[in-house]
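J.: Here it is, the structure in full.
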Amino acid sequence: MDFIMYLIIFFAVLLMIFIAMWENKRSEKKMDDYNFTVRQPRVYLAVSILGILFGFLMLILMTIVFPNDTADLWVYLFFLLYLAFSLLFFIYCISWKVHVENDQISYSPFAGINKNFAISDITNVKIRYGELKAYSGNKKLFSVAAMSNGYKKLASRLQKEQQIQFDF
């Protein structure tokens with residue numbers, strides 16, 4: 001029975017990756033080369049919403065529907081932490097983005113202040129382990145994961161600039 005659960009989890013994660021890749025290809029076809037937004041795939045948002053619903057459902061089932069006091073405190077804490085991480089992932093999927101408009105980049109991190117800078121401020125781009133990191137000198141400006149919608153569009157836009165040194 002455990003083997004079947006591992007197979008189900010494996011195929012669910014594999015399906016999520018394929019959906020994210022398909023969505024990425026489809027959304028990049030619609031993007032303009034000089035005005036676009038890099039965001040997390042919608043499938044991540046769907047997974048976070050399902051996680052929130054599952055966490056709420058489990059807490060409601062344990063406290064209201066079946067309150068037989070057989071669940072220990074650590075079970076409640078586990079589902080509260082699960083719910084908290086699902087909410088954080090939801091907020092991350094909504095708030096994180098990199099918006100490129102002509103020569104300007106606006107970076108909205110998960111938590112913190114939005115950063116605006118020109119593409120000409122970027123001096124170095126490192127692409128390693130499925131992540132693009134943009135630097136101004138030694139200071140990291142932003143990073144984008146390869147599964148993000150618009151990753152390839154951003155990489156090709158930055159490669160068009162002569163002053164940016166790429167490190168693969």
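The values are calculated or read from the model by the stated rules, or taken from the named source; none is laboratory data. Here the structure is a predicted model, which is why all the values come from computation and not from measurement. Neighbour counts run over all protein chains shown; Cβ positions are idealised from the backbone, glycine included. Side chains included, ligands, DNA and RNA excluded: accessible areas come from the protein's heavy atoms. Shrake-Rupley method; radii C 1.70, N 1.55, O 1.52, S 1.80 Å.
J.: First check a/c for region 96-144, with a ≥ b ≥ c the square roots of the eigenvalues of its C-alpha gyration tensor; if it is under 1.5, answer rounded, and if not, answer prolate when a/b is larger than b/c or oblate otherwise.
T.: oblate
J.: Take Lys160 and Phe11, extend 7 Å from each Cα along the Cα→Cβ direction, and tell me the distance between the two endpoints in nm.
T.: Spacing of the two 7 Å Cα→Cβ label points: 4.3 nm.
J.: Please report the accessible area of Thr37 (heavy atoms, 1.4 Å probe, ligands and nucleic acids excluded) in Å², nearest 10.
T.: The accessible area comes out at roughly 40 Å².
J.: Here's another thing I want to ask about it. Mind listing the long-range amide H neighbours of Lys97? Cut-off is under 5 Å, sequence gap 5 or more, other chains count too, H placed in the peptide plane at 1.01 Å from N.
T.: Those qualifying (amide H under 5 Å, at least 5 residues apart or on another chain) are Ser108.
J.: Largest first, how would Met16, Met62, Met5 line up by accessible area (1.4 Å probe)?
T.: Ranking Met16, Met62, Met5 by accessible area, largest first, yields Met5, Met16, Met62.
J.: Using a 1.4 Å probe on the protein chains only, how many percent of the accessible area of the chain belongs to carbon and sulfur?
T.: Solvent-exposed carbon and sulfur of the chain make up 67 percent of the total.
J.: So, one more: Which of rounded, prolate or oblate describes region 1-74 when judged by the alpha-carbon gyration tensor and an a/c cut-off of 1.5?
T.: The shape class here is oblate.
J.: Let me check against my output: what whole-number percent is the relative contact order of the chain, with C-alpha pairs under 8 Å and at least 6 apart?
T.: 25
J.: If the reach is capped at under 19 angstrom between alpha carbons, list the lysines near Lys160, excluding any in the same chain fewer than eight residues apart.
T.: Excluding near neighbours in sequence, the set is Lys29, Lys126, Lys133, Lys152.
J.: With a ≥ b ≥ c the root eigenvalues of the C-alpha gyration tensor of region 125-166, is it rounded (a/c under 1.5), prolate (a/b larger than b/c) or oblate?
T.: Oblate shape, in that a/c is at least 1.5 and b/c is the bigger or equal ratio.
J.: Another question about this same structure. Probe 1.4 Å, all protein chains in place: accessible area of Lys160 in Å², nearest 10?
T.: We get 90 Å² for Lys160.
J.: Could you state the angle between the C-alpha long axis of helix 42-60 and the longest principal axis of the C-alpha atoms of the chain, as a value from 0 to 90 degrees rounded to the nearest 10?
T.: Computed tilt is about 20 degrees.
J.: Also: Would you mind working out the accessible area per residue for the chain, using a 1.4 Å probe, and quoting it in Å²?
T.: 65
J.: Which sequence of Glu131, Glu101, Glu23 reflects their accessible areas, 1.4 Å probe, from the largest down?
T.: Glu101, Glu131, Glu23
J.: Can you sort Val100, Val75 by solvent-accessible area, 1.4 Å probe, largest first?
T.: So the residues, ranked largest to smallest area, are Val75, Val100.
J.: Same structure, new question: For helix 2-30, what angle does its Cα long axis make with the longest principal axis of the chain, in degrees from 0 to 90 and rounded to 10?
T.: So the helix axis and the longest Cα principal axis differ by about 30 degrees.
J.: Helix 73-95 against the longest principal axis of the chain: what's the angle in degrees, Cα atoms only, rounded to the nearest 10?
T.: Orientation of helix 73-95: about 30 degrees from the principal axis.
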